[in-house]
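For reference, the structure discussed in these notes is given below.
The values are calculated or read from the model by the stated rules, or taken from the named source; none is laboratory data. This is a predicted model, so every value here is computed, not measured. Cβ coordinates were reconstructed from backbone atoms using ideal geometry, including for glycine residues, and neighbour counts include every protein chain displayed.
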Amino acid sequence: MTDAIDLLFSAHLQHVQALADRALEREGYDGLVVYSGRPGLHFLDDHGPAFKANPHFLHWAPLQEAPDCFVRYLPGRRPQLVFHQPADYWHKPPTVPTAAWTREFDLTVIREPADARGLLDAGNRRLACIGEPPAEFAEWGFSATNPAGLLAYLHYDRAAKTPYELACMREASRLGAVGHVAAAAAYRAGASEFEVHQAYCSAVGLREQELPYGNIIAFGEGAAILHYTTLGRRRDVPRPTFLIDAGAQFRGYASDITRTHVADAAGTDPTFLELMAAMEKLQLELCAAVQPGFDYREIHLLAHRLIAGALVQAGVVTGCTAEQAAENGVSGVFFPHGIGHLLGIQVHDVAGLAADDSGRTEIPRPTGHRYLRLTRRLEPGVVVTIEPGLYFIDLLLDEAQQNGLGRYIAWDVVRRLQPYGGIRIEDDVACTASGTPENLTRDAFARIA
Ligand SMILES: [Mn+2]
């Protein structure tokens, strides 16, 4: 696995360099310094949150746990990797990487961050620094730190993945699928939400801080809370449904997967089962729309029409057609988030609204859809999530009762279904040139089955 990915890294790095060449030329810089970052501390404490590397640094080098490292790049030259390995007997110093990808860099090991200064020396060059440099770097002679035009250029391109990045995301998807299977088994065996989470982490082989985001693991009504991260410790709670939104990371690239399970179909309200089946079917239909040239906003609006159709069909929404329910806001009572987002190094990857690589204009969200995170047209290599949801959320149902939309809601049905919380199904889908999307998530589940 790793070997095949290594073979792709060289071409990936060439792409990253070519991107930097164009960005630097356009913005008038002679070179780039990308700083991995430094762990912070909690207020009045000598401990801090887990280190998270600068995503730009990960774009260049798959080093997730290496603070105070630098990539320095001058167009036309081999990129330089300055690797910080402190003399430290309190912690295990990071191991100097020797994997195949390191051959693409001139690697220098330093003991102190300050040792990097001479190696990065700008001379008379205009170097742009990307990252969160500590105060002492102010004297290092960088011409700019995080210049907006440069970042916008680099961010815009990151939507479309290189073959190397797609390979990493396939592996992140495989790991996530392995975790989901273990989690579902733990749920069926009677584990608490917390224990399901532990089963997930064990199966994936990642610590919590190594996951791309905090696991959402919810039984019953908890599934109606979009970002429910409480991880209940009790087993003897109502658990008619199990919603799990959990991903994994490989070489800094994320997967983002959601599945909803029922405890026992025979004991589940038939209307809820009908909605589960409808959501599965419409989710696949939406995945099929991930095609070059498609406006992602149209996929979001299609999701509203399809979910509205499911709600009308199941008798949750009455007194209007599916089209009307998608127009008048009723579908939004049950589906109050966007259909998905860009995925990559960041779970909600950057530049989802960018009209172009200038960073100056955004593509507006459709009116009334303020949580949509992606409004761009799709192109080959772009990876998005497709995550339709349908929930029974008290806050939004109360609002509907007050704003008049309540007259389209069959309240007896809603009250009957509320204990199930909700449904979300989320896959990671790559847009391809052939027009047939690659569903990284479904492929991963199929491979491990
Ligand atoms: Mn997502």
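Taken together, the residues in the stretch 409-445 that are part of a helix (DSSP H, G or I), among the hydroxyl-bearing types (Ser, Thr, Tyr) and more than 15 Å from the ligand (Cβ to nearest atom) amount to 1. Being of a type in the set (A, V, I, L, M) and in contact with a Gly (Cβ under 6 Å, 6 or more places away or on another chain) is the filter here, so list the residues in the stretch 207-245 that pass it. Result: Ala223, Ala224. For the condition over 26 Å from Gly214 (Cβ atoms) and outside any helix (DSSP H, G or I), Gly118 does not qualify.
Answer yes or no as to whether Pro93 is under 23 Å from Gln346 (Cα atoms), of a type outside the set (Phe, Trp, Tyr), part of a loop (DSSP other than H, G, I, E, B) and at pLDDT below 95. So Pro93 does not fit the description; no.
In the set Gly48, Gly76, which member is on the phi > 0 side of the Ramachandran plot and either touching a Pro at 6+ places or on another chain (Cβ under 6 Å) or in a loop (DSSP other than H, G, I, E, B) (or both)?
Answer to the check: Gly76.
For the condition among the hydrophobic types (A, V, I, L, M, F, W, C), surrounded by 16 or more Cβ atoms within 10 Å (Cβ to Cβ) and within 16 Å of the ligand (Cβ to nearest atom), Leu378 does not qualify. Of the residues screened, Gly368 is one that is of a type outside the set (Val, Ile, Thr), modelled with pLDDT under 95 and surrounded by fewer than 17 Cβ atoms within 10 Å (Cβ to Cβ).
Tell me which residues, restricted to the stretch 79-110, are closer than 22 Å to Ala18 by Cβ and among the charged types (D, E, K, R). Matches in the stretch 79-110: Arg103, Glu104, Asp106.
When the stretch 109-125 is filtered for residues that are closer than 12 Å to Asp68 by Cα and of a type in the set (A, V, I, L, M), the ones remaining, listed by number, are Val109, Ile110, Ala114, Ala116. Within the option set Ser173, Ser202, being under 21 Å from Thr230 (Cα atoms), hydroxyl-bearing (Ser, Thr, Tyr) and either at pLDDT 95 or above or in a helix (DSSP H, G or I) (or both) holds for one residue only, Ser202. Exactly one residue among Asp88, Asp68 is surrounded by fewer than 16 Cβ atoms within 10 Å (Cβ to Cβ) and acidic (Asp, Glu), and that residue is Asp88. Any residue that is in contact (Cβ under 8 Å) with a residue 24 or more places away in the chain, within 23 Å of Phe392 (Cβ to Cβ) and either away from the ligand (no atom under 14 Å from the Cβ) or not hydroxyl-bearing (Ser, Thr, Tyr) (or both) - is there at least one of those in the stretch 195-209? Yes, the stretch 195-209 contains at least one residue that is in contact (Cβ under 8 Å) with a residue 24 or more places away in the chain, within 23 Å of Phe392 (Cβ to Cβ) and either away from the ligand (no atom under 14 Å from the Cβ) or not hydroxyl-bearing (Ser, Thr, Tyr) (or both).
On the stretch given as the stretch 96-112, residues that are farther than 17 Å from Asp6 by Cβ and modelled with pLDDT under 95 total 0.
For the stretch 220-241, the tally of residues that are under 23 Å from the mean Cα position of the chain (by Cα) and either assigned to a loop (DSSP other than H, G, I, E, B) or within 20 Å of Gln198 (Cβ to Cβ) (or both) stands at 9.
Yes or no, residue by residue, for (1) within 16 Å of Val347 (Cα to Cα); (2) of a type in the set (D, E, K, R):
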position	(1), (2)
Gly141	no, no
Arg158	yes, yes
Cys168	yes, no
Arg188	no, yes
Tyr200	no, no
Glu208	yes, yes
Gly214	yes, no
Phe219	no, no
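Scanning for something assigned to a loop (DSSP other than H, G, I, E, B), crowded, with 19+ Cβ neighbours inside 10 Å and either aliphatic (A, V, I, L, M) or over 19 Å from the mean Cα position of the chain (by Cα) (or both), does the stretch 243-258 turn up at least one residue? Scanning the stretch 243-258 turns up at least one residue that is assigned to a loop (DSSP other than H, G, I, E, B), crowded, with 19+ Cβ neighbours inside 10 Å and either aliphatic (A, V, I, L, M) or over 19 Å from the mean Cα position of the chain (by Cα) (or both). From the set of residues in the stretch 387-401 that are away from the ligand (no atom under 16 Å from the Cβ) and touching a residue at least 12 places away in the same chain (Cβ under 8 Å), which is surrounded by the fewest Cβ atoms within 10 Å (Cβ to Cβ)? Applying the filter and picking the extreme gives Asp394.
Give me a count of the residues in the stretch 23-40 that are loosely packed, with under 15 Cβ neighbours inside 10 Å and in a helix (DSSP H, G or I). So the answer is 2. For the stretch 70-106, a tally of residues being in contact with a strand residue (DSSP E or B) (Cβ under 6 Å, 6 or more places away or on another chain) and over 18 Å from Gln14 (Cβ atoms) returns 6.
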